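What follows is calculated from the coordinates using simple rules that are stated; it is not laboratory data. Small disclaimer: the values here were computed from a predicted structure and weren't measured. All Cβ positions, even for glycine, are placed from backbone atoms using ideal geometry, and neighbour counts span all protein chains on display.
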Amino acid sequence: MNLDLSPPSVGLNKDALARLGASIQADIDSGRHFGASILVARHGQVAYQATFGMVAPGRAPSGDDRYLLMSMSKAYTATLVLKAIDEGRFGLDTRIADLVPGFGALGKQRATVRQLLAHTAGLPFGLVPPPLGLDKVGNLAVKTAAMCALPAAYSPGTKCIYTSGLGYDLLGQILVNTDSKKRGFNRIAQEDLFTPLGMADSSFACSIDDPRRVPVSFTEANVGPTTPMLLRLFNEFLDADAEMPSGNAFSTIKDVFRFTEVFRGRGTAHGQRVLSPVLFDYARQDHAPGLINDATAFEVEERGLNDFAAHFTLLGGYMRGSGHILNATGHTASPQSIAAVGGASTAWMIDPERDLTVIFLSAGFIEGLRHIERVQRINDLALAAVEA
C-alpha cells in the first residue's frame, strides 16, 4: 500500500519520500526484516503513508495491524507519570523509597522518579530483575518485590544504564501505588491515556489470539543464540494479562500518530490537555547530559563504534542535542527533536523546527544499535523531503 496524500501541499518532496520507501523495501529485499508500515506527517497532516512486505507468512500489512511497541511503550508510561506530577501526586525529585515500600535499601535510598525516567536511578539493564525468570515478565508486583531486593548497580545519578524493563516497570508500580481508584496499571493506561485521546486500538497487553496482533519474528539473517528465548517471551509470555509498563503496549500506526500529536502540541491534542506545556518543555530536555549509555558498552566495543551518548529525556526516549553522533532522531534533525524507539522494530520522531513527524513500525527484529542506525537513516531520508 502506498497512499499519495499530496505531500507538496505541506512542503514535502515526493521524490525524496519515494526514496524513503525504496530504502525500506531494499531492507526487506535483502532479508533484514519482513515488513513495515511508515507514516510521515507535517504540520499535523499525514503526507505519506505506506506499507511494505509481510508482517507474517501470507499476511500483508494493513493499517489495522496492532504492533508490539516494545520500548516505545515507555513514552506512554512516561506521559502517565508526568500527568501524575502535574496533578501533584508526587514530584520529579520524590524518592522512589517514599512511593514503593521496601525499595530504599542497598544503595538505592536516594534514587528519584526523575532518575528512573532518565535511566540514571542505579538499576541494571534487564527485562526482569534477578533471580526471576522470563516467565515473570508480565507480573508487575513480583518484579517490583525483586527490584526492592536488588543492590544498586551504581550510585544513582552518577551513570546512565538504559533499563530495558526494570526502571519503567517500577514507574508503572508507582502509578498503581499512588492511584486513588486502586486500579491496575493496564487499566490506568486505558482510562487515563488511550480512551481520552481516542486511541481505540491501543492497550497495554493483548491477547495472543488477536488476529490483528503482529507476531514478533526474526529473518534468517538475524537469528541468534537468544532468538528462541525472545520468541517465547514476546509471543507467549506477553499475553492478555501481562503487566509490563516498560514494553508491552500494542497500537496501530494511526493510534501512535494520535499520541505523537500530543508531544507535537507540547502536551495538548485532540481537545485534551494531557500535560502542562511547562512540564513538557522541561521533560523534553536532555536529562542525562554528558553521560554515555553504558547498556550498549559491549556492542560498542565489539563493533568498534563511538560511545552511544545517552541524551535521554523524561518522555520515554531521546533528544537530538548537538554533534555528529549516533542518535535515533537522525543526523539532520534539529537539536530539540525527540524520538522514542522500541528495541529492534519500532520508532517515532518529532522535529519541532520542521514540524515533522515520522513513525516506523516493522515486523522482523533487528537487535541492538543496528536498529538505531536503521531508524537514524529512515529519519534522515524523511527529513530530506522537507522543502521549507
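Observations on the model:
- Neighbourhood charge, 9 Å Cβ-Cβ cut-off, centred on Leu197 and excluding it, Lys, Arg +1 and Asp, Glu -1: -1
- Modelled label reach - Asn13, point 7 Å along Cα→Cβ, region 34-51 residues with backbone N closer than 19 Å: 40-43, 47-49
- The mean of 1/r over all distinct Cα pairs in region 1-104, once inverted, gives the Kirkwood hydrodynamic radius of 17.3 Å.
- Mean projected area in nm² (Cα convex hull; one quarter of hull surface) for region 48-166: 10.2
- Close Lys pairs in region 114-265, defined as Cα atoms under 27 Å apart and 8 or more places apart or on different chains, number 5.
- Rounded to the nearest 20 debye, the dipole size of the chain about its Cα centre is 620 debye, using +1 on the Cβ of Lys and Arg and -1 on the Cβ of Asp and Glu.
- Calculated FRET efficiency for the pair Arg266/Glu387, C-beta based, R₀ 22 Å, to 0.05: 0.35
- Proximal aspartates and glutamates relative to Lys74, as straight alpha-carbon distance under 12 Å, when same-chain residues fewer than 8 apart are discounted: Asp169
- Under-5 Å amide H pairs with Arg95, H placed in peptide plane, nonlocal only: none
- A dipole drawn for the chain from +1 and -1 charges on Cβ atoms has a positive end, and of Val128, Gly91, Asn248 the residue lying farthest that way is Gly91.
- On Cα atoms only, tilt of 369-383 relative to the major axis of the chain in degrees: 50
- Where a label projected 7 Å from the Cα of Arg110 along Cα→Cβ would reach, residues of region 78-92 with amide N under 18 Å: 92
- Nearest 10 degrees, 0 to 90: helix 253-264 Cα axis against the chain principal axis: 70
- Taking label points 7 Å from Cα along the Cα-to-Cβ direction, Asp86 and Ala26 give a separation of 4.2 nm.
- In degrees, nearest ten, helix 73-86 long axis to first principal axis of the chain (Cα): 60
- For the chain, dividing the convex hull volume of the Cα atoms by the residue count gives 127 Å³ per residue.
- Gained length - Met229 relative to Gln45, 0.36 nm times residue gap less alpha-carbon distance: 62.2 nm
- For Glu299 and Val142, a Förster radius of 35 Å and the Cβ-Cβ distance give a FRET efficiency of 0.75, rounded to the nearest 0.05.
- Alpha carbon convex hull of region 168-276, projected area averaged over orientations, nm²: 8.6
- Projected label points at Asp93 and Glu236, each 7 Å from Cα along the beta carbon direction, are separated by 4.8 nanometres.
- Put a dot 7 Å past the Cα of Glu353, heading toward its Cβ, do the same for Asp135, and the two dots end up 5.2 nm apart.
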